[in-house]
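Below is one structure, written out as structure tokens; the observations come after it.
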Amino acid sequence: MAIQKVFESPEGRTIGYAITEEAAFLEEERNRAIVLFCSLSGNSAAVEYYNLQKLKCRFVCVDRPGCGATSQLDTSSKQSSSSISLDRIHTHVNDVLNVLKQEQISQVWILGVCIGHPFAIELTRRLCCDCHNISQDDDQGLKMIKIELEGVSLVAPFVSTACPTSLGFARFGTYVPSAVLYAGTETMSYFKYKLLPYLLSPRAVENLITEDEKTKGGWKQEDYEQTAQLIVALNERNKYVFGEEARLGVDSSWQTEICEKAAKEVIFCRGGGFSGDIKDEQPLVDSNKESVPICIHAIREDRTTPFSSVEWIAERCYGGRDRIVEETEDIHSHEVMTFLGGPLRNPLLLYKIAKYWGLLKEETT
């Protein structure tokens with residue numbers, strides 16, 4: 001199971017995060033982890049509800065600035081919403097790196113869900129382009145070990161408003177004066193916090209899921225109840241950051257400063273997760289850039305992350321459309337994509353990704 005932890009970073013920031021307990025893993029599994037950048041305003045409490053017992057690695061999710069126990073950003077000196085959004089991304093990635101070092105994690109797989117996309121890509125760039133070491137004790141004494149990035153998966157990645165086919169409501173926000181946008185998102189945040197506990201019922205959750213998804217995922221009444229309870233609990237912890245996350249979704253600057261910057265500095269090769277006999281792409285031998293396998297999971301029915309926008313970002317930044325895996329068999333909605341493919345006790349897409357990475361325990365009969 002995952003436990004909540006809090007510590008103070010070398011920069012003096014308080015950081016809250018959830019991580020699966022070390023005692024649950026074999027010696028060789030304790031220093032490797034899947035790092036989740038989730039939707040729902042980046043709240044690590046979601047991890048406590050997932051069934052993670054099938055994983056052969058630890059699982060970590062860090063609260064984004066102002067969420068849960070993590071310190072808020074100081075925005076008093078920022079001149080624009082774009083600078084605040086970029087500072088939010090950079091600060092959160094620094095927080096995640098501090099947690100990895102605190103927990104002695106030396107092998108990392110990155111999982112970015114929905115608006116977790118730019119955070120995941122910035123951590124990818126930092127791990128590939130900067131040297132991040134942790135200190136470990138062994139029989140020969142203290143030694144420095146580099147944090148190695150093994151793979152990246154994006155699930156229904158929210159694409160910035162720089163894309164002409166990204167979420168229309170978000171693109172509309174780019175034409176709104178910043179003062180009006182701020183007032184509007186803060187008003188939305190207030191009403192979401194106040195009304196969600198009354199509006200979100202197990203029945204409402206059930207109505208978000210198609211009949212086919214219910215059958216394939218094995219959804220039960222208790223799953224709808226647990227999911228409703230989780231979202232209401234997250235709403236309480238997210239109440240100070242929903243507006244900031246909404247403005248991040250409207251901001252187009254992270255397309256250039258995060259995604260395209262990573263595309264220039266990292267080789268995104270085709271990673272695991274593809275059917276058929278096509279082998280993983282081999283990176284260029286003579287390149288000075290580090291390479292990382294990437295897999296993008298998307299569905300054509302997604303209205304929050306239109307499939308055309310996923311194709312756009314894959315072509316523009318991540319090596320081409322053949323990095324995309326269409327989840328057509330079990331998932332038909334953005335909601336189930338962001339739930340990681342099923343009810344919290346049976347997140348089928350998470351297990352599928354972990355299996356690609358060699359991090360899923362073998363089934364015992």
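For this structure, a couple of remarks:
- Listed residue pairs exceeding 32 Å between alpha carbons, taken from K101/K192; K261/K352; K216/K261: K101/K192; K216/K261
- Listed by chain and number, the lysines whose C-alpha is less than 17 Å from the C-alpha of K194, apart from same-chain residues fewer than 8 away, are K239.
- The distance between label points at T256 and Q53 comes to 5.1 nm (points 7 Å beyond Cα on the Cα→Cβ vector).
- Residues in the range 339-362 reached by a label modelled at E236 [backbone nitrogen below 11 Å; 7 Å Cα→Cβ]: none
- For the pair T75 and E326, label points projected 7 Å from Cα toward Cβ lie 3.9 nm apart.
- Reachable lysines, given that their alpha-carbon falls under 25 Å from the alpha-carbon of K264 and they are not under 8 places away in the same chain: K146, K279, K289
- Here the range 16-47 is scanned for amide nitrogen atoms under 15 Å from the site 7 Å beyond the Cα of E148 along Cα-to-Cβ, giving 28-34.
- R0 of 45 Å, Cβ-Cβ distance F7-K355: FRET efficiency to nearest 0.05: 0.90
- Of R32, R237, the residue with the largest accessible area leads and the full order is R237, R32 (1.4 Å probe).
- Cross-link partners of K54 among aspartates and glutamates (Cα-Cα below 14 Å; sequence separation of 8 or more within a chain): E21, E29, E362, E363
- Mean separation of Cα contacts under 8 Å, 6 or more apart, over the residue count of the chain: relative contact order %: 20 percent
The values are calculated or read from the model by the stated rules, or taken from the named source; none is laboratory data. It should be emphasised that the depicted structure is a prediction, and the values quoted were computed from it without experimental measurement. In this analysis, Cβ positions are derived from the backbone assuming ideal geometry, glycine residues included, and neighbour counts consider all displayed protein chains. What goes into the accessible areas is simple: the full protein's heavy atoms, side chains included, and nothing from ligands, DNA or RNA. Shrake-Rupley method; radii C 1.70, N 1.55, O 1.52, S 1.80 Å.
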